[in-house]
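Visitor: Dumping the structure here so I can ask a few things about it.
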Amino acid sequence: MDEIFVVGLVFAGIISGMSSLALLKTGRMIDAFPDGSESERDRSMWSPMEFTRIFVGLFWVFFGLGSYMIYLGSRIMVVFGIATVACLLLFLVTALIFSIATFNLMRTRAGREGSGSPLLSSIMKSSINPAAYVPDMGKKAYQGTRTSGNAVSGSDTNKN
């Protein structure tokens, strides 16, 4: 196996390891976050912490499978292995970004104490933009910067 593939797999493994640990941490924070509507959160396979653990485990199984396909050395298997590892890295980064965004949304909601989501509250508010209905409203009338008159008529405006 080429050294480039080994270096790439080691680099992908390091990035995946750090992202997996961060994803597990955010899953634990989301699961432990207090929710006002329920007194105690149900612990099942669908709770955020367990669901994250399952998918991180599946990630590493498929990462190992993709690495093994690269190790086999045939041209088709190398292409499939690289595609598998690249797709898994994109999946892990997307899941991490989504988890961080979910935790930030939960924290923002708790800070506002019971108000709806920002998207729903912005839709529900009646905001009328009068500039949309009156065409000249909000536009500044600029004075012309030309100080000399028209060369032919001596005035600044063109009269026909």
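The values are calculated or read from the model by the stated rules, or taken from the named source; none is laboratory data. What you are looking at is a predicted structure, and each value in this text was computed from that prediction instead of being measured. Cβ atoms come from the backbone with ideal geometry, glycine included; neighbour counts cover every protein chain shown.
Visitor: Look through Arg53, Arg43 and report the one residue that is at pLDDT below 90 and within 30 Å of Arg109 (Cβ to Cβ).
Guide: Arg43
Visitor: Are any residues in the range 50-75 over 28 Å from the mean Cα position of the chain (by Cα) and either of a type in the set (Ser, Thr, Tyr) or over 19 Å from Val10 (Cβ atoms) (or both), and if so, which ones?
Guide: Tyr68, Tyr71, Ser74, Arg75
Visitor: For the range 96-106, give me each residue that is surrounded by 12 or more Cβ atoms within 10 Å (Cβ to Cβ) and farther than 20 Å from Ser16 by Cβ.
Guide: Thr102, Phe103, Leu105, Met106
Visitor: Does Val85 meet the test of being under 20 Å from Ile97 (Cβ atoms), touching a Gly at 6+ places or on another chain (Cβ under 6 Å), aliphatic (A, V, I, L, M) and at pLDDT 90 or above?
Guide: Answer is yes for this residue.
Visitor: Oh, and also: Does Phe11 count as modelled with pLDDT of 90 or more and exposed (fewer than 12 other Cβ atoms within 10 Å of the Cβ)?
Guide: In short, yes.
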